[in-house]
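Novice: Let me begin by handing over the structure; questions about it come next.
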Amino acid sequence: MAEQKTTQDKTAAVAPNKAGEAENRNIGLGVRLTPVDDSDLPVVSNYTALNVSPGMAFIDFGFIEPGMLAALPRMVKEGSKLPENINCKLAVRVAMGYEALSNLRQQLTQMLSSLQANNAGAAKK
């Protein structure tokens, strides 16, 4: 099993400034994620749901059969009745504290901004 190394910016309180208040700044920290059992196998998901409880957020990643996803727009176009429920397989549930959720948002924002910049650069060519 391969180790995965990620670098995550972490906001940390550092030494007090001249006014005696702790300053916050981003620091880079190398983190090695070592797989356990089959945790390094990718999970395919085409559906997400977010549930919030005090102190925690639960992110459910699910998988809806592609045939069903393709049939829904066709059913709407034809005026057919849509199903009340769609069976979906829960691929994985991730529980995260609010700070970890905030870090995830920051990482996703950076990644999406980078992808948009790359797509804009490719479109200019």
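Coordinate-derived values only; no laboratory data. Remember, it's a predicted structure, so these values are computed and weren't measured experimentally. Quick reminder, even Gly has a Cβ in these numbers, built from the backbone with ideal geometry, and neighbours come from all protein chains shown.
Novice: Got a sec? Which residues in segment 83-125 would a label at residue 65 touch, if it sits 7 Å along Cα→Cβ and we count backbone N under 17 Å?
Specialist: Only 83-91 fall inside the zone, counting backbone N under 17 Å.
Novice: Say a paramagnetic label sat at a point 7 Å from the Cα of residue 75, along Cα to Cβ; which residues of segment 43-65 have their backbone N under 14 Å from it?
Specialist: Residues 64-65 fall inside that zone.
Novice: Which loop trypsin sites (Lys or Arg not before Pro) in segment 23-95, with loop taken from DSSP, have no more than 15 other Cβ atoms within 10 angstrom of their Cβ?
Specialist: In loop regions of segment 23-95 (DSSP not H, G, I, E or B), the sparsely surrounded trypsin sites (Lys or Arg not before Pro) are 81.
Novice: Further, regarding this structure: About the Cα centre of segment 43-101, what is the dipole size in debye to 20, counting +1 per Lys and Arg Cβ and -1 per Asp and Glu Cβ, all else neutral?
Specialist: Dipole about the Cα centre, nearest 20: 180 debye.
Novice: Give the distance, in whole Å, between the Cα centre of segment 45-63 and the Cα centre of segment 91-106.
Specialist: Each part reduced to its Cα centre gives a spacing of 9 Å.
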